[in-house]
Every structure is written in structure tokens, then in C-alpha cells.
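For reference, the structure is listed below as C-alpha cells.
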Amino acid sequence: MSIAEPLRTVLRSASREVVIGHDTRFTIIGERINPTGRRIFQEQLRAGDFSAIERDVKAQVEGGADVLDINMGVPLTDEPDLLAKAITMVQGLTDLPVCIDSSVVEALEAGLTAYEGRALVNSVTAEDERLELILPLVKKHDAAIIALPNDHDEIPMEADKRLELTAKIVRVATEEFGIAQADIVIDPLAMPIGADTTTSLVTFEVMRRIRDDFGVNMTCGASNVSFGMPGRHTLNAAWLPMAMASGLTSAIMDARTPQVVEAVKAADLFLGHDDWGMAWISAHRAKQAAVEGA
């Protein structure tokens, strides 16, 4: 069987371009602008207070994020309005491209309309009705899409089923909606290691097969893998380089955790995505200078 040509997914803000690819350095998608599990942040957003977003943007940019995921899923609010306001605010704070994160179609529409650039949309599943609702929006706004290979039944635990659903997503997106295969980013479904210690082996297999069979880029919620376990940063810092070697090209992750970010940067070097180690060396020198300055 021939191996698929690796593809590049291009995202843009008004002034910056970020490329997700198998032959480029790993793309860090900062996960922090998300009110899930953050009660105080939710209360602030309900009151129209967006000050926490400014702090979160600053911390993630300083931590090394390449793209910022923006989720405004706050109960009892107008999510489309909140998301449009948050995206407008973030665009005024940074030139990083954004990943627009919502399960509400109206919110995605509002976010894509407010965004001045080429966004990544998070996300769609392999369910027919979700594909029919969300893919036309992605095409209309010339965005890229994160797609999860699960359907109305459940999250499949078998690699073959995830590959089967990936094939369906790619076929429907490209043939029925005219979306370029390079603009489909698959989430291979990273599951908590605490629930089943074999789950990562399946996910790594899925990553390798998606890379080889389709050439598309991949992302995932990297923090999921350590959920419920102690020493989460250490687990995430070990898991991500292994996933990168299996074909993962980006992750939605906490860019504020140096241990995990540095593991990714080190893996970039060993995988040949940091020419002459210049990014690693310059980051080390910057860190040294900051220590000496302090």
C-alpha cells in the first residue's frame, strides 16, 4: 500500500500565518480560553467582564502557543454573542490565529463572521446531521475543521472503526462539500489512561494509520490522557512526544505548563523539525537571560 502525501493545514490571522504539518514543528493550540470547570470565569462572563481573557491570552502567548482555542460555552448566556465578542477582543490582543470552539452552530456562525482570518473550527463528528450542519459553514468561511471519528453510537475503542469513520468524514467533506483534504484535521480520540491503560496504544495506532492512509493533520485534547491521575504534567510531557512520533501534528493543550511545552519542543528537535536546533537553543538562551535579569 502506498503512503499518502502529507498535507499542510494553513491558518491565518489578519497578519500571521501558522502551518500545521507533518514536516513542520508541532502546533500548540492554547486551551485556556474556556469556561468549562471555571466557575468564577463563568460568573465574570455572565456579568460582561472579559478581563480574564486578557490574562489568559497573555499567559498562553508567553508560554509558546501558536493558535488560541476560544470557547464561550457558558450556561444561561447568549453564546453566539459571547463568542463573537471574545473573538473580537482576542484579535485586538494578539496576532495568533484562532480555533473557534463550540457545539452550537449559531455560535460557530457568529464566531466565523467576527473573525478576520482563516480559522480552525472545533469541531464536528461523523454523524450525518452534524456534518450537514457544520461543513457548509466551514466551506462558506474558508475555514479548516477538526473532525472526531465517532458517531451517534459511541466513541469507538477499536482502531479499525476510527479509521472507517475517518474515511467517511474525509469522503463527505471532500466529495459532498468541496472542502480540501488538507483542511480536515482529525482528532484520533485521546482517552484517559486512568480508565484503561491500553487506550493510548490504540490511539497511537490510529495516528500512524491516519497519517499513512490519508496524510491529514491531527490534533487532540492532550490533557485528556492524564485525567484522573496524579502527576498529570509528567504524564502529558511523556505522552505528547510519543504521539508526535506516531503522527500527531498539533494539540489543544495548556501552553502555561513549561514542562509539557518543553517536551514538545525537544521532540520537534529529535524529529527533525528544528533545523540545527536553533529554536531550542534560542529558547534556552532566552530563559537564561530572564534568570540573569531577575
If you go through segment 250-264 one residue at a time, do you hit one that is in contact with a Lys or Arg (Cβ under 7 Å, 6 or more places away or on another chain) and either farther than 24 Å from Ile146 by Cβ or part of a helix (DSSP H, G or I) (or both)? no
Can you tell me how many residues within segment 68-95 are part of a loop (DSSP other than H, G, I, E, B) and of a type in the set (A, V, I, L, M)? 3
For segment 97-127, give me the residue count where each residue is part of a strand (DSSP E or B), among the hydrophobic types (A, V, I, L, M, F, W, C) and closer than 23 Å to Val61 by Cα. 5
If the requirement is being assigned to a helix (DSSP H, G or I) and closer than 23 Å to Asp101 by Cβ, which of these qualifies: Met191, Met207? Met207
Picked from segment 48-57 (must be part of a helix (DSSP H, G or I) and in contact with a helix residue (DSSP H, G or I) (Cβ under 8 Å, 6 or more places away or on another chain)), the residue surrounded by the fewest Cβ atoms within 10 Å (Cβ to Cβ) is Ser51
Of all residues in segment 144-183 being touching a helix residue (DSSP H, G or I) at 6+ places or on another chain (Cβ under 8 Å) and either assigned to a strand (DSSP E or B) or at positive phi (or both), which is surrounded by the fewest Cβ atoms within 10 Å (Cβ to Cβ)? Gly178
Filtering segment 1-28 down to residues that are part of a strand (DSSP E or B) and either touching a residue at least 60 places away in the same chain (Cβ under 8 Å) or within 13 Å of Ala119 (Cβ to Cβ) (or both) yields Arg8, Thr9, Val10, Leu11, Arg12, Glu17, Val18, Ile20, Gly21, Thr27, Ile28
Going through segment 41-69 in order, the residues found to be hydrophobic (A, V, I, L, M, F, W, C), over 16 Å from the mean Cα position of the chain (by Cα) and within 22 Å of Gly221 (Cβ to Cβ) are Phe41, Leu45, Ala52, Ile53, Ala59
Specify the residue that is surrounded by the fewest Cβ atoms within 10 Å (Cβ to Cβ); the eligible residues are those in segment 268-294 that are within 22 Å of Ile20 (Cβ to Cβ) and hydrophobic (A, V, I, L, M, F, W, C). Met278
For Gln60, are the conditions met, namely being of a type outside the set (Phe, Trp, Tyr), surrounded by fewer than 22 Cβ atoms within 10 Å (Cβ to Cβ) and either more than 17 Å from Glu116 (Cβ to Cβ) or in contact with a Ser or Thr (Cβ under 9 Å, 6 or more places away or on another chain) (or both)? no
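The numbers here are math on the coordinates, done by the rules we state, and not lab data. In this text, all values refer to a predicted model and were calculated from it rather than measured experimentally. Positions of Cβ are generated from backbone atoms using ideal geometry, with glycine treated the same way; all protein chains shown enter the neighbour counts.
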